[in-house]
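Nothing in this text is a laboratory measurement; each read-out follows from the coordinates by a stated rule. For clarity, every value in this text was computed on a predicted model and none was experimentally measured. A quick note on method: Cβ atoms are made from the backbone with ideal geometry, for glycine too, and the neighbour counts reach across all protein chains shown.
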Amino acid sequence: MIWRPIKNRLQTELFKRGHCVGCTKSLSTAHRIPHSTKPNIEIVTCDCRRIYLYNKQLNEYRRATEKDL
Ligand SMILES: [Zn+2]
């Protein structure tokens, strides 16, 4: 898959700027709720229904997996 590395780089770049990798919307305006067990984590839901975890301590986003929620 020749596209894979390029896509990953693009996603990393979007993450760093706090944007959704799906619709490129800013995650700062997305709906966020505190994580039930991890005080440093917020669950961020984008308008396009992709779900991310925001680490307040590290100031960084990542995609949420099912076991994160
Ligand atoms: Zn989105």
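Data table
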quantity: In the stretch 40-69, the residues that are more than 14 Å from the ligand (Cβ to nearest atom), out of contact with any Asp or Glu (no Cβ under 9 Å at 6 or more places or on another chain) and part of a loop (DSSP other than H, G, I, E, B); calculated: N40, Q57, L58, N59, T65, L69
quantity: Options V21, V44; residue that is within 16 Å of L10 (Cβ to Cβ), of a type in the set (A, V, I, L, M) and surrounded by 13 or more Cβ atoms within 10 Å (Cβ to Cβ); calculated: V21
quantity: Residues within the stretch 1-17 that are more than 13 Å from the ligand (Cβ to nearest atom), among the aliphatic types (A, V, I, L, M) and assigned to a helix (DSSP H, G or I), tallied; calculated: 2
quantity: Considering residues of the stretch 52-69 that are touching a residue at least 12 places away in the same chain (Cβ under 8 Å) and more than 13 Å from G18 (Cα to Cα) only, the residue surrounded by the most Cβ atoms within 10 Å (Cβ to Cβ); calculated: A64
quantity: C20, sole failed condition from (1) out of contact with any Asp or Glu (no Cβ under 9 Å at 6 or more places or on another chain); (2) within 16 Å of the ligand (Cβ to nearest atom); calculated: (1)
quantity: Check on T37, loosely packed, with under 12 Cβ neighbours inside 10 Å, under 23 Å from I6 (Cα atoms) and more than 14 Å from the ligand (Cβ to nearest atom); calculated: no
